[in-house]
Amino acid sequence: MRHSISVLVENQFGVLARIAGLFSGRGFNIDSLSVGVTTDPSISRMTIVVRGDDRILEQVTKQLNKLINVVRVVDLTKEEHVGREMVLIKVTANQQDRAELLSITNIFRGKIVDVSQETYTIEITGDENKIVAIIKLLAPFGIREIARTGRVCMGRGGKSIKV
């Protein structure tokens, strides 16, 4: 199972390295990691996606809570939440394929953010299933490059993670 963990941390030098070291030191693999400053510039929010059962999640949560710069750890997996990822996909765009590529992009509510003689670069935002679906559809055209942000998540409704 994939777990989405939100971690509020002090926005200080070396915190990201310590958290990554915690995972690697225990043999846990991070599927994705996104970090950004919150409305409070002294606090950053990390969204860490990790695979494993509930036992692994419990170990990860306990270890994260032991780190001095960690302010709060919340597993959003079992709560109602919104999760999104952004991907840039550079795809071969021959003259005969351009209309179909534009159509696919529009169906997925994406944007073509760069055009060259040979390629389109397409931006798509959505959940993991949407990202995987468009990658499969674009593969036959010839994907040249992919850059993914990793998942960012937050609880639905009025519920917020507080410091």
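The values are calculated or read from the model by the stated rules, or taken from the named source; none is laboratory data. In this text the structure is predicted, and so the values were computed from the model without any measurement. When we count neighbours, we look across all protein chains shown, and the Cβ atoms used for this are built from the backbone with ideal geometry, even at glycine.
Could you check region 122-163 and list, in sequence order, the residues that are β-branched (Val, Ile, Thr) and under 30 Å from Ser44 (Cα atoms)?
Ile122, Ile124, Thr125, Ile131, Val132, Ile146, Thr149, Val152, Ile161, Val163
Which of the residues that make up region 6-47 are surrounded by fewer than 17 Cβ atoms within 10 Å (Cβ to Cβ), more than 21 Å from Glu85 (Cα to Cα) and of a type outside the set (A, V, I, L, M, F, W, C)?
Residues satisfying the conditions are Glu10, Gln12, Gly14, Arg18, Gly21, Ser24, Gly25, Arg26, Gly27, Asp40, Pro41, Ser42.
One line per residue, one yes/no per condition, for (1) surrounded by fewer than 18 Cβ atoms within 10 Å (Cβ to Cβ); (2) aliphatic (A, V, I, L, M); (3) not assigned by TED's automatic domain parsing to the domain that holds Asp31:
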residue	(1), (2), (3)
Glu58	yes, no, no
Asn94	yes, no, yes
Ala99	yes, yes, yes
Asn106	yes, no, yes
Ile124	no, yes, yes
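Can you list the strands (runs of 3 or more DSSP E) found entirely within region 1-100 that contain at least 2 residues being among the small types (Gly, Ala, Ser)?
So the answer is 2-10, 30-37.
Could you please find all residues in region 105-163 being in contact (Cβ under 8 Å) with a residue 60 or more places away in the chain and either farther than 27 Å from Ile30 by Cα or of a type in the set (Phe, Trp, Tyr) (or both)?
The answer is Gly157, and nothing else.
Against the conditions (1) assigned by TED's automatic domain parsing to the domain that holds Lys130; (2) closer than 13 Å to Leu8 by Cβ, where does Leu88 fall short? Just the number, please.
So the condition that Leu88 fails would be (2).
Name the residue that is farthest from Cys153 (Cα to Cα), counting only residues in region 24-56 that are of a type in the set (Asp, Glu) and at pLDDT 90 or above. Break it down into steps so the answer makes sense when it comes.
Narrowing region 24-56 to residues of a type in the set (Asp, Glu): 31, 40, 53-54.
Still in the list and also at pLDDT 90 or above: 31, 40.
On the way: Asp31: 14, Asp40: 18 Å.
Restricting to residues being of a type in the set (Asp, Glu) and at pLDDT 90 or above, the top hit is Asp40.
Just to check your reading of the model, which residue among Gly142, Gly157, Gly150 is modelled with pLDDT under 95 and either more than 17 Å from the chain's Cα centre (by Cα) or over 25 Å from Val50 (Cβ atoms) (or both)?
Checking each option against the conditions leaves just Gly157.
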